[in-house]
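In what follows, a structure is listed as structure tokens, so that the remarks can point back to it.
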Amino acid sequence: MRKAIAILSLAMLSAPLPAADNASAPDRVGIEFFEAKVRPILVDNCYKCHSAGAEKLKGNLRVDNREGLLKGGDSGPVIVPGQPEKSLLLKAINHDPASDLDMPPKSKLPDPVIADLTRWIRLGAPMPEEKAATALTAVDHSADYEKVRKEHWAFQPLKKPVPPTVKDIAWTKTPIDNFILAKLEDKGIKPAPPADKRTLLRRIYLDLIGLPPTPTEQDAFLQNTSPDALANVVDDLLSRPQYGERWARHWLDVVRFAESQGYERDEPKPFAWRFRDYVINAFNQDKPYDRFLTEQLAGDEIENSNAETQTAASFLRLGPFDTIAADGKLARYDQLDDVVGTTTAAFLGQTLRCARCHDHKFEPFAQTDYYKFLAVFDPLSDKVKEASLVGNAEERAAYATEQSTFDAQVAPLEAKVNDKRLEILQSAKKPNLGGDILGPLNKPIASRSKGDLEQLAKNRRRIDDELKRIATREQIAELDQTNKQIDEINAKRPLGTFAYVFSDEPKPRTTRLFIRGDCNKEGPEIRPGVPTVLGGNNVSPPKPLEKSSGRRLWLANWMTGPGQPLVARVMANRIWQYHFGAGIVSTANDLGVHGDPPTHPELLEYLAASLVENKWTLKQLHKTIILSSAYQTSSAHQTNPADVDGHLLAYWHTRRLESEVIRDSILAVSGKLNLQSFGPGIFPPLAEKVVGQSAGFDWSTSDERQSARRSIYVHVKRNVNLPELEVLGLPDAASSTDRRTQTTTALQSLMLLNSKFTNQQAAHLADRIREDAGSEAPAQVDRAFQLTLCRPPLQNERDNAIKFLEQQSRFPSSKDKQMSPLTSLCLVLLNTNEFIYTN
């Protein structure tokens, strides 16, 4: 049967398939990580003996450039990019007994430092090349920052340009088209013809809600001849709850969302899923983007703060944190460094994080600019280790009332259990329990102290084991019945709005500049502020609030104020990127001097200004983009020397769907997708070998129905990922991801073809097709194509598929009796490029 599947997959699918996309975004994240983490380590520990400035170069080894690290010295190359286990540098700094090299010679580096170097090598040892660095250091940090501000496009005031005049007026549907077509006409390029209605409908569905259209939805659109048919589809999709689930996933990439701390123990971030639900709700409500930003930075400081806005502020605490760090102060400032880096990259599109240890190498940011920004977040305190109950006074009072109601129902049942336990234990001649347990047990529930409760909770298992030893079968049954009643009541008990948030100190500590980024080497005091090049000298300082420093609210107001153009440009660019696969600025987290220039600067200005003009509504921006001719072009094109890389957008760029959309689409077409929204994360089946990568973690597998929920609800653990998501390009949650890297590997094909998940869903899809189309092969083939590829089969595809089903039905494989011919056909369709790509 497997051989037959392979033959069928080659023979039947004659429709043109998109080529795999191996192109990846520039390694900005790796370079930023090197500048923030690795360069300071090398400077402090290695440069004295192994750099161009060394008095005597030891071992003929230089570590101040990538060429020197790759070439190595007398002992050979010291790093093997991507392979830490083969890198001599790591053996040396780990003082490996098998190596003669112990570096530094006097003492071993701290474990977190070694972990950073290991991660850097695993990332491929990214490091600015010498020539590139020379070209990019044209910004003199001692020069007039105001001059740089006036010269660089992203720092200039936002002005809405007038759409240019074009010759082919009939092609333009929205002002966006004028900007695109003007460049095409200037190069003598004609745009591709529009995509057919089936292709366009599938594209829009996958784009806006991350699910393919059903056959009913396909038929309704094809039969609708109204000029408003497409606009109505867009409005409908934007109003569905699945829109928020699709677009929240994009934002979760940017803000490095995860539900665990990372590092060695990778402990849970309790109730982190509340932030995910907040983001989904925010997109569905079309929350104005300026408000969305403000709530994430300062949801606890804004006027009329409530549970929703306070939950939003858990954005600040989503990053990795070393819970068992030997140096607590270093761990705290690493955590704040993550906050500074994510905030400036996500909202401002700037790489300020690189100025933690020295003036930025490529951007007009001094080290003092970094510490001005750090001072904004320095009042944050993580003394509260667990999640906190959030909400205003009314919400907290309502929660207390709800709990009291349930407590009143549970109390008599718990008293009954307690009395029965005592009766059983007292009937025993010598219960195998000490007085430290029997003492609290003998007290009435209402009079037990906090220490009593903790003692009983600590010894719950011992008490239960002893009861089972001495109790009769009837007594155990009575206890079980009462405990079942308690569990049923508590299952209905409201969770309360708990969130994993920082607290804020009204009287913040003094922030100081750290020499070379070392928190144990304090320099001068730094007051909160914003970078000089962004107008920091003209910004009034923050004023403290009654219960907090007020600094984060001050920062949010400055970011979204009329004089700050970056926020609108960054978000407009992100929205464009997620629709077209590449941003107008391809480096979405970096609109600085070092970032890539915009391909259509006037268009980006128009989109950003429109975003502000339309009160920061994102749904209106989606609709404007989708209704444009530029979005609706087909992927048919011819290579043009004037547009080799395709940035002029003369045609639709075919690209693979994200891993979550592929998984969700498989569940959707199989008929098993559970559209339940919100709540704690789910735990789909995971191999024991995968779970074992994270010691002490209980991956309590969810039942089949819960496991079939959308991928955005899969529990996100930094050190353990669902294979069907990770293999297809799940981002590293250790830092902000502005654009997912697309790779094509053999492992992806093997997973899609052989995984238990895909094969189970193929079987479910076959069952659905039999129910819809009956037992005749022609009808089954037609339904299979309509469900999976949203189109009827071509004639040769139909003939081959029917022939396959009929032949395999007559000659079933003795080795694979569990897979029916129709299941095999479904598995092939789920593995086609056409299914996992958007065309």
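The values are calculated or read from the model by the stated rules, or taken from the named source; none is laboratory data. For clarity, every value in this text was computed on a predicted model and none was experimentally measured. Here the Cβ is made from the backbone with ideal geometry for all residues, glycine too, and neighbour counts use every protein chain on show. SASA here: full protein model, heavy atoms, side chains in, ligands and nucleic acids out. Shrake-Rupley method; radii C 1.70, N 1.55, O 1.52, S 1.80 Å.
Divide by every residue of the chain the summed helix terms, -39500 (n - 2.57) for each DSSP H run of at least 4, and state the resulting mean residue ellipticity at 222 nm, rounded to the nearest 500 deg cm²/dmol.
-14000 deg cm²/dmol, from helical runs alone.
Using only the alpha-carbon atoms, what does region 273-313 span along each of its principal axes? Please give whole angstrom values in decreasing order.
Sorted largest first, the three principal extents are 23, 21, 15 Å.
To the nearest 0.05, how large is the calculated FRET efficiency for K468 and N392 if R₀ is 51 Å and r is the Cβ-Cβ distance?
About 0.65, to the nearest 0.05.
Between E613 and R460, what is the label-to-label distance in nm when each label sits 7 Å out along the Cα-to-Cβ direction?
The answer from the label model is 6.0 nm.
Quick check: Cα centre of region 612-658 to Cα centre of region 752-789, how many Å?
32 Å
Determine the dipole magnitude for region 479-539: charges of +1 sit on the beta-carbon of Lys and Arg, -1 on that of Asp and Glu, nothing else is charged, the reference point is the Cα centre, and the result goes in debye to the nearest 20.
240 debye
Starting from the eigenvalues of the Cα gyration tensor, five times each then square-rooted, give me the equivalent ellipsoid semi-axes of the chain, largest first, whole Å.
44, 42, 30
Between R705 and S447, what FRET efficiency comes out of the Förster formula 1/(1 + (r/R0)^6) with R0 = 60 Å and r the beta carbon distance, rounded to 0.05?
For S447 and R705, the calculated efficiency is 0.85.
Decide, for region 602-682, between rounded, prolate and oblate: order the square roots of the alpha carbon gyration tensor eigenvalues as a ≥ b ≥ c, take rounded if a/c falls under 1.5, and otherwise choose prolate if a/b is larger than b/c, else oblate.
oblate
Can you tell me how much longer the chain between A415 and D698 gets when fully stretched, taken as 0.36 nm per residue apart minus their C-alpha distance, in nm with one decimal?
Extra length available between A415 and D698 comes to 98.7 nm.
Tally Lys and Arg at +1 and Asp and Glu at -1 over the other residues with C-beta under 11 Å from the C-beta of D782: what net charge comes out?
Net of charged neighbours comes to 0.
Rolling a 1.4 Å sphere over the protein heavy atoms, what is the accessible area per residue of the chain, to the nearest Å²?
Result: 45 Å² of accessible area for each residue.
Which of the three applies to region 540-580, rounded, prolate or oblate, going by the alpha-carbon gyration tensor with a ≥ b ≥ c and a/c under 1.5 meaning rounded?
Prolate shape, in that a/c is at least 1.5 and a/b is the bigger ratio.
Express in nm, to one decimal, how much length is gained between S749 and A52 on full extension, taking 0.36 nm for each residue of separation and deducting their alpha carbon distance.
So the chain would gain 246.2 nm between S749 and A52.
Give me Rg/Rg_expected for region 515-572, where Rg uses Cα atoms only and Rg_expected = 2.2 N^0.38 Å with N residues.
1.39
Is the shape of region 602-642 best called rounded, prolate or oblate, per the rule: a/c under 1.5 gives rounded, else a/b larger than b/c gives prolate, else oblate, with a ≥ b ≥ c the square roots of the Cα gyration tensor eigenvalues?
Oblate is the answer for region 602-642, as a/c is 1.5 or above yet b/c matches or exceeds a/b.
Which percent of the accessible area of the chain is formed by carbon and sulfur heavy atoms (probe 1.4 angstrom)?
In the chain, the share of accessible area belonging to carbon and sulfur is 52 percent.
Could you calculate the contour length gain from Q481 to D102, that is, 0.36 nm times the residue separation minus the distance between their Cα atoms, to one decimal place in nm?
Full extension of this stretch gives 130.0 nm more.
Sorted by average packing, counted as other Cβ atoms within 10 angstrom per residue and highest first, what order do 57-63, 489-495 take?
57-63, 489-495
With unit charges on the beta carbon (Lys/Arg positive, Asp/Glu negative), name the residue among S540, P562, F580 whose Cα is farthest towards the positive pole of the charge dipole of region 516-583.
It is F580, whose Cα lies furthest towards the positive end.
Suppose we look only past 16 Å in the calculated P(r) of region 558-645. What percent of the Cα-Cα pairs does that tail hold?
57 percent
Take each uninterrupted DSSP H stretch in the chain, measure its Cα extent along the helix axis, and return the ones at 20 Å or beyond whose mean Kyte-Doolittle hydropathy is at least 0.0.
In the chain, the long hydrophobic H runs are 566-580.
What is the P(r) of region 431-577, as percent of Cα-Cα pairs per 10 Å bin from 0?
Histogramming region 431-577 at 10 Å steps yields 8, 18, 20, 11, 12, 17, 12, 2 percent.
In region 580-614, whose amide N lies under 20 Å from the spot 7 Å out along Cα-to-Cβ of K150? List them in ranges.
Within reach of a label on K150: 593.
Kindly provide the GluC sites (Glu not before Pro) of region 518-600 that DSSP labels as loop, not H, G, I, E or B, and whose Cβ sees at most 12 other Cβ atoms within 10 Å.
In loop regions of region 518-600 (DSSP not H, G, I, E or B), the sparsely surrounded GluC sites (Glu not before Pro) are E546.
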